[in-house]
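Take a look at the structure set out below.
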Amino acid sequence: MPTASDPSLWSQVDDYICDRLVPDDAMFAQALAASDAAGLPAINVSAAQGRMLELFARMVNARRILEIGTLGGYSTLWLARGLAADGRVVTLEADPHHATVAAANFAHAGLSARIDLRVGRAIDTLPGVEADGEGPFDLIFIDADKPSNPDYLFWSLRLSRLGTLIICDNVVRDGHVIAADSSDPRVQGVRRFLDLVAAEPRLMATAIQTVGAKGYDGFAMALVVG
Ligand code: SAH
Ligand code: DHB
Ligand code: MG
């Protein structure tokens with residue numbers, strides 16, 4: 001029996017969980033295969049985590065979802081599956097190649113009409129999302145460049161209403177988050193994000209550590225309560 005700190009065990013347990021609880025929809029395998037073939041990094045959420053995003057979307061009865069960081073659209077597809085009838089996802093991606101792959105994945109899944117993919121650095125495209133009246137969003141998933149997480153929290157609050165759920169990926173990163181003196185701007189971006197969440201009276205939040213097919217990491221979850 002492997003030990004509890006063995007990443008291969010985390011992956012085996014993820015397989016076990018997914019075999020039972022996570023639908024093996026060809027759309028997801030296809031999207032990952034196309035992303036891999038196009039040379040995209042495999043830094044998408046895991047299947048179990050994608051299913052969790054779908055569940056969150058359903059829990060808040062999401063009609064409007066914002067995602068920051070599309071990659072090949074794997075997490076976007078999970079979020080789109082959780083949408084209420086006539087709901088839409090707005091997803092923001094800086095890398096034109098990633099966006100091209102994502103757009104093809106959305107088309108192949110028959111979901112292009114429900115996903116508004118905007119190409120450009122999120123800090124540059126977020127003002128347009130607001131100006132177009134896309135908000136307020138019911139759910140916001142932050143999963144792009146980690147140093148910008150503080151900016152994305154600012155924009156998430158601008159584009160929120162009472163009851164909006166804000167989820168941020170990769171807030172643990174093998175435990176590096178606790179290194180207060182880290183010289184890694186990604187670690188400092190996550191730490192600043194968590195400090196800002198903690199200091200924000202409009203938010204009630206926690207973070208949950210995860211292990212699985214994508215290693216040791218975690219999600220922060222913040223609910224707009226004021
Ligand atoms: N949410 C995806 C993974 C996203 S990976 C999934 O789970 O399937 C992070 C993505 O953020 C990458 O595609 C990267 O190109 C993009 N990104 C990096 N900096 C960005 C920025 N400033 N604005 C928007 N997207 C950015
Ligand atoms: C990276 C980014 C992610 O969003 C993720 O889930 C894993 C890794 C990265 O930039 O290395
Ligand atoms: Mg991520």
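The values are calculated or read from the model by the stated rules, or taken from the named source; none is laboratory data. This is a predicted model, so every value here is computed, not measured. Glycine also receives a Cβ, built like all others from the backbone with ideal geometry; neighbour counts cover every protein chain displayed.
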- prompt: Can we say ALA102 is assigned to a helix (DSSP H, G or I), in contact (Cβ under 8 Å) with a residue 12 or more places away in the chain and closer than 29 Å to GLU130 by Cα?
  reply: yes
- prompt: Out of segment 57-84, which residues are farther than 19 Å from GLY163 by Cα and surrounded by fewer than 18 Cβ atoms within 10 Å (Cβ to Cβ)?
  reply: none
task: Please give the strands (runs of 3 or more DSSP E) falling wholly within segment 117-222 in which 2 or more residues are within 27 Å of HIS97 (Cβ to Cβ) and at pLDDT 95 or above.
output: 139-142, 165-169
message: I'd like the residue in segment 70-87 that is away from ligand 2 (no atom under 14 Å from the Cβ) and of a type in the set (A, V, I, L, M) and, out of all such residues, is nearest to ALA102 (Cα to Cα).
response: LEU77
- prompt: Out of curiosity, is ILE140 out of contact with any Leu (no Cβ under 9 Å at 6 or more places or on another chain), under 28 Å from ALA48 (Cβ atoms) and not small (Gly, Ala, Ser)?
  reply: no
task: Count, please, the residues in segment 96-105 that happen to be surrounded by 17 or more Cβ atoms within 10 Å (Cβ to Cβ) and more than 16 Å from the chain's Cα centre (by Cα).
output: 4
- line: Restricted to segment 36-48 and to residues being within 8 Å of ligand 1 (Cβ to nearest atom) and surrounded by 22 or more Cβ atoms within 10 Å (Cβ to Cβ), the residue farthest from ALA99 (Cα to Cα) is VAL45
- prompt: Does PRO136 count as crowded, with 17+ Cβ neighbours inside 10 Å and either without any contact (Cβ under 8 Å) to a residue 24 or more places away in the chain or farther than 30 Å from ALA4 by Cβ (or both)?
  reply: yes
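Taking only segment 49-63 into account, find how many residues are more than 13 Å from ligand 1 (Cβ to nearest atom) and among the basic types (Lys, Arg).
Count: 2.
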- line: When restricted to ALA47, ALA38, ALA4, ALA31, the only residue of a type in the set (A, V, I, L, M, F, W, C), modelled with pLDDT under 95 and farther than 27 Å from ARG161 by Cβ is ALA4
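VAL22 - would you say it is at pLDDT 95 or above and in contact with a Phe, Trp or Tyr (Cβ under 8 Å, 6 or more places away or on another chain)?
On the way: at pLDDT 95 or above: yes; in contact with a Phe, Trp or Tyr (Cβ under 8 Å, 6 or more places away or on another chain): no.
No: the conditions fail for VAL22.
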task: Could you tell me whether any residue of segment 16-33 is within 16 Å of ligand 1 (Cβ to nearest atom), in a helix (DSSP H, G or I) and free of Cβ contacts under 8 Å to residues at least 24 places away in the same chain?
output: yes
field: Subset of segment 135-157 (residues that are over 14 Å from PRO185 (Cα atoms) and either in contact with a Pro (Cβ under 7 Å, 6 or more places away or on another chain) or within 11 Å of ligand 2 (Cβ to nearest atom) (or both))
entry: PHE141, ILE142, ASP143
query: Could you list, in sequence order, the residues of segment 34-53 that are touching a strand residue (DSSP E or B) at 6+ places or on another chain (Cβ under 9 Å) and in a loop (DSSP other than H, G, I, E, B)?
result: VAL45, SER46
